[in-house]
Amino acid sequence: MTENLLERFGRRLRLGMVGGGRDSVIGGTHLVAMRADGLCELVAGAMSVEPEVAVRSARAELIAEERTYLDYREMAEREAARADRIDAVVVATPPQLHFPVARAFLERGIDVICEKPLCRDFGEALELRDLVARHDRLFCVTHCYTGYPIVRHARAMVAAGELGAIRLIEGELCAGDQGVATEPEEPAKRHWRFRKDSMGTGAILGEVASHAHHIVTFVTGLKVTEVSAELTTFAERREVHDNSYVTARFENGARGRIWGSYVASGNDHGLSFRIFGERAGIRWDQEEPEVLWFKAPGEPARRIARGYDSLSPGAAAATRLRPGHPEGYALAFANLYSDLARAVMARSLGIPHAPYLERIPGVDDGVEVMALIDAAVRSHAANGAWTELPARPRR
């Protein structure tokens, strides 16, 4: 039981945060998620590159002045030297900073919770994976949609063979609200995700398509082996691509499509998947996350809802509320924090912690995403030619 694990550990997990301050889009979500189950507390932070914002953000979270930092390198050094050091750091910066920030803390023996995508490019991803292994640290990439109980149940259904051999896989995250469908008149107001110095012109593959890619590989357990990609820029004055179509071949011979977009005008979010096997298919929509649809040929569609005792152990472990009371995005995100916190506590207590890690995206998942991005960018440059993902040597 979580309560017993927390009681045995004797305290909440101490977290630090780099980025995620008052000027962050995603920071507030992390703050809600880390506190949802009472397993974590934020005690340190370098929460913005803007000193005034960093200080104001830390004060708002009741972080002590001596643990409020203006530079992540100073934070890593000083926290590592404390008797009450942080157990893990949350990296909520733009992706070009993920690698150096994560490295600074990994090298000092501190576990990492990192925003997606894992880093800037595939080379950094491999180096980061080596750092995690060398320093024997725990690492979570916040592909948060795999925290939904019903998504975890879909994974269990596929693993149990309820769909039969998987043939077709479709995942998409196609947004189109006002904030992403057009560019501001003034370049200075452009968000970092639309600046090519962040992850290059193919940044959309990391920012939104990475969620679509990761969720279908999480549910099916299958890796992409090669892709044919087309990247397009529709919005005027935009310096990066804002739509990506990636046709994919999977390791078992399945075929699929991964669509990422900022210009699907009218879509609020647009994450969904459809997976078809030889015997049945399933579909799920993030904007109706409590329900998974299962359909076999010649039979009525079956609506599978969250919260029932008949669901898989993985879904049950991610569920807090009884049926009919929606849990939603924030608690799905919180499942990643809670699973990692349990893993850290269990490891410290000398009891098995691997089962907690099986539920959450780790550094290997981040490497797979960066490999897909690498191949898709090369495929696009070759007019959509089929392109193999780069080799991901095993550790």
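Sequence-distant contacts, meaning Cα pairs under 8 Å at least 6 residues apart, place the relative contact order of the stretch 239-395 at 9 percent. Hey, rough spin-label estimate for Asn252 and Glu299, points 7 angstrom out along Cα→Cβ, what's it come to in nanometres? Modelled inter-label distance: 1.8 nm.
Remark: the Asp130-Arg82 segment gains 14.7 nm on full extension, using 0.36 nm per residue and subtracting the alpha carbon distance.
Fully extending the segment from Arg8 to Thr201, taken as 0.36 nm per residue of separation minus the present Cα-Cα distance, adds 64.6 nm. Candidate cross-link partners of Lys196 among the lysines, defined by an alpha-carbon separation under 20 Å and a same-chain spacing of 8 or more, comprise Lys116.
Here the stretch 231-357 is treated with +1 on each Lys and Arg Cβ and -1 on each Asp and Glu Cβ, and its dipole about the Cα centre works out to around 340 debye. Computed from label points 7 Å out along Cα-Cβ, the spacing between Asp268 and Asn383 is 4.3 nm.
With a cut-off of 17 Å on the backbone N, the residues of the stretch 328-372 near the modelled label site 7 Å out from Glu41 along Cα-Cβ are 341-342, 345. Per residue, the average separation of C-alpha pairs within less than 8 Å and at least 6 apart gives the chain a relative contact order of 19 percent. Solvent-accessible surface of the chain, taken per residue with a 1.4 Å probe and all protein chains present: 44 Å². Taken as Cα centroids, the stretch 282-309 and the stretch 1-61 sit 34 Å apart, rounded to the nearest whole angstrom. Translational diffusion coefficient of the stretch 224-371 (Stokes-Einstein, Kirkwood radius from Cα pairs, 10 °C, 1.306 mPa s): 85 µm²/s.
Checking every one of the chymotrypsin sites (Phe, Trp or Tyr not before Pro) in the stretch 288-395 against DSSP loop status and a limit of 16 other Cβ atoms within 10 Å picks out Tyr308, Trp386. Taking every C-alpha pair closer than 8 Å and separated by at least 6 residues, the mean separation divided by the residue count of the stretch 223-300 gives a relative contact order of 18 percent. Checking every one of the GluC sites (Glu not before Pro) in the stretch 260-324 against DSSP loop status and a limit of 16 other Cβ atoms within 10 Å picks out Glu278, Glu287.
Put simply, the amide H of Leu13, placed in the peptide plane, has neighbours under 5 Å in Cys40, Glu41, leaving out anything fewer than 5 places away on its chain.
A simple charge model with +1 on the Cβ of Lys and Arg, -1 on the Cβ of Asp and Glu and nothing else charged puts the dipole of the chain at about 860 debye relative to its Cα centre.
Net charge near Asp71, counting Lys/Arg +1 and Asp/Glu -1 over other residues with Cβ under 14 Å of its Cβ? Result for the neighbourhood of Asp71: -1.
Here's how it looks for Glu172: its modeled amide H is under 5 Å from those of Trp259, Ser272, which are all 5 or more places away or on a different chain. For the stretch 199-248, the pair-distance distribution built from all alpha carbon pairs, in bins 5 Å wide starting at 0, is 5, 19, 25, 25, 13, 8, 3, 1 percent. Partners of Lys295 within straight-line reach, counting lysines whose Cα lies under 28 Å from its Cα and excluding those fewer than 8 residues away in the same chain: Lys223. Charge tally around Met34: other residues with Cβ under 14 Å, Lys/Arg +1 each, Asp/Glu -1 each, net -3. Residue ranges 367-377, 154-164, 188-198 sort as 367-377, 154-164, 188-198 when ordered by packing (mean number of other C-beta atoms within 10 Å per residue, highest first). Dividing the summed helix terms, -39500 (n - 2.57) for each DSSP H run of n ≥ 4, by the number of residues in the chain produces a 222 nm estimate of -10500 deg cm²/dmol to the nearest 500.
Using amide H atoms built in the peptide plane, which far-off residues or other-chain residues are under 5 Å from Ile113 H to H? Result for Ile113 returns Val89, Val90, Val91, Cys140. Charge tally around Val263: other residues with Cβ under 12 Å, Lys/Arg +1 each, Asp/Glu -1 each, net -3. Between the residues Ile26, Ala60, Ala88, the greatest Cα displacement towards the positive end of the dipole of the stretch 1-97, with unit charges on the Cβ of Lys, Arg, Asp and Glu, is found for Ala88. Between Arg73 and Glu239, residue separation times 0.36 nm minus the direct Cα-Cα distance comes to 56.7 nm. Surface composition of the stretch 171-319: carbon plus sulfur atoms contribute 48% of the solvent-accessible area (1.4 Å probe, protein chains only, all chains present).
The values are calculated or read from the model by the stated rules, or taken from the named source; none is laboratory data. None of the values given here were measured: they were computed from a predicted structure. Ideal geometry is used to build each Cβ from the backbone, glycine not excepted, and the neighbour counts take in all protein chains shown. When the accessible area is computed, the model is the full protein with side chains, heavy atoms only, and any ligands, DNA or RNA have been set aside. Shrake-Rupley method; radii C 1.70, N 1.55, O 1.52, S 1.80 Å.
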